[in-house]
Amino acid sequence: YPLKSHKDLTAWQKAMDFVELIYKITGEFPENEKFGLTSQLRRASKSIPSNLAEGSGRKSTKEFIQFLYIALGSSSEIETQLEIAMRLGYMKNQANTFDLLTDIRKLIQGLIRSLKKKV
């Protein structure tokens, strides 16, 4: 069916839930990480739904795919930053956080595959 809005994308919806989760997790980080990991994680997490939204608003499928790749890159960045936070003891193993990130990645990869068939 035709996409009415980026809000119709399951990937966007889950990415918005993920942003909320990241804000809650980083809210527990030490104050001295305010401009470090906290800021990086929040920025990168917001990048995922933002790029899904911006890409879906583009005129060409090729452009949309490019924005999806940017969102995927942000997900890899987040995964690394979460691992760092765990190693530093800022958070306990958040399996649900990693699971949600994996779900989002799979949805984005599925979108890319589907859109590439149309190019």
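The values are calculated or read from the model by the stated rules, or taken from the named source; none is laboratory data. Note that the coordinates shown come from a computational prediction; the quantities given were computed from them, not determined experimentally. Here Cβ is always computed from backbone atoms with ideal geometry, including for glycine, and neighbour counts include all displayed protein chains. What goes into the accessible areas is simple: the full protein's heavy atoms, side chains included, and nothing from ligands, DNA or RNA. Shrake-Rupley method; radii C 1.70, N 1.55, O 1.52, S 1.80 Å.
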Subset of the range 29-54 that is in a helix (DSSP H, G or I) and of a type in the set (D, E, K, R) - its residue that is most open to solvent (accessible area, probe 1.4 Å): E31
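One residue is enough: does the range 2-10 have a residue meeting the conditions open to solvent by less than 90 Å² (accessible area, probe 1.4 Å), under 18 Å from E77 (Cα atoms) and touching a helix residue (DSSP H, G or I) at 6+ places or on another chain (Cβ under 6 Å)?
No, every residue in the range 2-10 fails to be open to solvent by less than 90 Å² (accessible area, probe 1.4 Å), under 18 Å from E77 (Cα atoms) and touching a helix residue (DSSP H, G or I) at 6+ places or on another chain (Cβ under 6 Å).
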I'd like to verify a number: residues in the range 55-84 that are farther than 20 Å from R113 by Cβ and either outside any helix (DSSP H, G or I) or not hydroxyl-bearing (S, T, Y) (or both), how many? 9
Just give me the residues in the range 89-119 being more than 16 Å from E20 (Cβ to Cβ), of a type in the set (A, V, I, L, M) and touching a residue at least 40 places away in the same chain (Cβ under 8 Å), in sequence order. L107, I108, L111, I112, L115, V119
Residue satisfying all of: in the range 80-100; within 12 Å of the chain's Cα centre (by Cα) and surrounded by 16 or more Cβ atoms within 10 Å (Cβ to Cβ); nearest to G36 (Cα to Cα) among these: T97
